[in-house]
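> Below is a structure I'd like to ask you about.
The values are calculated or read from the model by the stated rules, or taken from the named source; none is laboratory data. In this text, all values refer to a predicted model and were calculated from it rather than measured experimentally. Here the Cβ positions follow ideal geometry from the backbone for every residue, glycine too, while neighbour counts run over all protein chains shown.
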């Protein structure tokens, strides 16, 4: 029997997180938060605020704690329940960093050299980037494997990092003769709404770093702002077609149809069947009403949570304690296998 023949026998868990590096928006909500809220009813769920990842690029220290609370408030407003899901700040669980160092010594330099996101984020002057930005995929592997998570919700831009986590798990299991120690986590393929594009440029993903606030709907936007941004969203002069093929080459139109579909819980084909032959003068008000009905309650709930930072801190502290209970045995096991003194 080979290492790959031995299946991981531990509990099924899912893990994911969001960096506290800017305001969350509609794309985060549809692509991640609503899926987190659903998963908590299906599987043991760990959701963290990735503040250690955030500092791989400069963050204002005075703002980082506030942004961490804002991400936590968004989780809660989107329906995550601390009684069902473990919600915590990454930096409050030191086992992440401890396992990451062990994994730094397992991962190979050639693996990291292939990570395309570092090339994109570092730009032309990679020598000026932090070492953390280069090695953060290894920390990401530790985030997942310190809880022995078996599944990770991923978008296209994270599939390569999940593959690295699998490679690290497999190499650790092999190198230390511990087949089955770490699972090989599988991707959870995200459905509709996973890729929401900018309201100003249908070829660019909606981003919290975009300098134009009109490019996104923030989760803290009120109803009037949400409606206004939908009305001002870039579209075109043509009517909506009957089929998806008719949206080829119409990136902004395709995006708005996709947003409606994701908010309504329908397929884009069903949306086109409803609005075929109508122009955006008719479609946008319908989309604005749907967006307000869907997002205004989330925005209101976020503001209520943010008005009580002590309660957010209580939830995060309780989640961190629960996370440490799950993470500590994994690190103890890894240290013993590596041969550290006293283990």
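> Within the stretch 239-257, work out how many residues are part of a loop (DSSP other than H, G, I, E, B) and farther than 23 Å from residue 216 by Cα.
Step one: filter the stretch 239-257 for residues part of a loop (DSSP other than H, G, I, E, B), giving 239-243, 248-250.
Imposing the further condition that a residue be farther than 23 Å from residue 216 by Cα reduces the set to 239, 241-243.
Matching residues across the stretch 239-257 total 4.
So that you can scan it fast, the table gives a plain yes or no per residue for (1) assigned to a helix (DSSP H, G or I); (2) modelled with pLDDT of 95 or more; (3) surrounded by fewer than 14 Cβ atoms within 10 Å (Cβ to Cβ):
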| position | (1), (2), (3) |
| --- | --- |
| 272 | yes, yes, no |
| 283 | yes, yes, no |
| 286 | yes, yes, no |
| 290 | yes, yes, no |
| 297 | yes, no, yes |
| 310 | yes, yes, yes |
| 314 | yes, yes, yes |
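Every residue, every condition in (1) touching a strand residue (DSSP E or B) at 6+ places or on another chain (Cβ under 8 Å); (2) surrounded by fewer than 15 Cβ atoms within 10 Å (Cβ to Cβ); (3) touching a residue at least 60 places away in the same chain (Cβ under 8 Å); (4) not assigned by TED's automatic domain parsing to the domain that holds residue 14, yes or no:
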site: 71; (1), (2), (3), (4): yes, no, no, no
site: 82; (1), (2), (3), (4): no, no, yes, no
site: 92; (1), (2), (3), (4): no, no, yes, no
site: 100; (1), (2), (3), (4): no, no, no, no
site: 103; (1), (2), (3), (4): no, no, yes, no
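> Do we have residue 52 as out of contact with any strand residue (DSSP E or B) (no Cβ under 6 Å at 6 or more places or on another chain), touching a residue at least 40 places away in the same chain (Cβ under 8 Å) and surrounded by 21 or more Cβ atoms within 10 Å (Cβ to Cβ) here?
Working: out of contact with any strand residue (DSSP E or B) (no Cβ under 6 Å at 6 or more places or on another chain): yes; touching a residue at least 40 places away in the same chain (Cβ under 8 Å): yes; surrounded by 21 or more Cβ atoms within 10 Å (Cβ to Cβ): yes.
Yes.
> Starting from the stretch 165-184, keep only residues that are assigned by TED's automatic domain parsing to the domain that holds residue 333 and touching a residue at least 40 places away in the same chain (Cβ under 8 Å), then list their pairs with residues that are surrounded by fewer than 17 Cβ atoms within 10 Å (Cβ to Cβ) and outside any helix (DSSP H, G or I) whose Cβ atoms are within a distance under 6 Å, requiring at least 6 positions of separation or different chains.
The qualifying pairs are 179/6; 180/6.
> Of (1) surrounded by 17 or more Cβ atoms within 10 Å (Cβ to Cβ); (2) in contact with a helix residue (DSSP H, G or I) (Cβ under 6 Å, 6 or more places away or on another chain); (3) assigned to a loop (DSSP other than H, G, I, E, B), residue 262 satisfies all except one. Which?
(3)
> Looking only at the stretch 111-119, decide whether some residue is within 21 Å of residue 337 (Cβ to Cβ) and either at pLDDT below 95 or not assigned by TED's automatic domain parsing to the domain that holds residue 18 (or both).
Step one: of the stretch 111-119, the residues within 21 Å of residue 337 (Cβ to Cβ) are 111.
The next check asks that each one be either at pLDDT below 95 or not assigned by TED's automatic domain parsing to the domain that holds residue 18 (or both); those that pass are 111.
There is at least one residue in the stretch 111-119 that is within 21 Å of residue 337 (Cβ to Cβ) and either at pLDDT below 95 or not assigned by TED's automatic domain parsing to the domain that holds residue 18 (or both).
> Still on this structure, please answer the following. Restricting attention to the stretch 75-86, which residues are within 11 Å of residue 33 (Cβ to Cβ) and in contact with a helix residue (DSSP H, G or I) (Cβ under 6 Å, 6 or more places away or on another chain)?
Start the filter on the stretch 75-86 by keeping residues that are within 11 Å of residue 33 (Cβ to Cβ), which leaves 75-80.
Scanning the stretch 75-86 gives 76, 77, 78, 79, 80.
> What number of residues within the stretch 193-206 are assigned to a loop (DSSP other than H, G, I, E, B), out of contact with any helix residue (DSSP H, G or I) (no Cβ under 6 Å at 6 or more places or on another chain) and touching a residue at least 24 places away in the same chain (Cβ under 8 Å)? Spell out how you get there, then give the answer.
The first filter runs over the stretch 193-206 and keeps only residues assigned to a loop (DSSP other than H, G, I, E, B), leaving 193-196, 198-204, 206.
Okay, now just the ones that are also out of contact with any helix residue (DSSP H, G or I) (no Cβ under 6 Å at 6 or more places or on another chain), so 195, 201, 204.
Now narrow it down to the ones that are touching a residue at least 24 places away in the same chain (Cβ under 8 Å): 195, 201.
Adding up the residues that qualify gives 2.
> Give the residues of the stretch 223-233 that are under 11 Å from residue 291 (Cα atoms) and in a loop (DSSP other than H, G, I, E, B), sorted by residue number.
Selection gives nothing.
> So which residues in the stretch 207-216 are out of contact with any strand residue (DSSP E or B) (no Cβ under 6 Å at 6 or more places or on another chain), within 13 Å of residue 232 (Cβ to Cβ) and assigned to a loop (DSSP other than H, G, I, E, B)?
Selection gives 212 alone.
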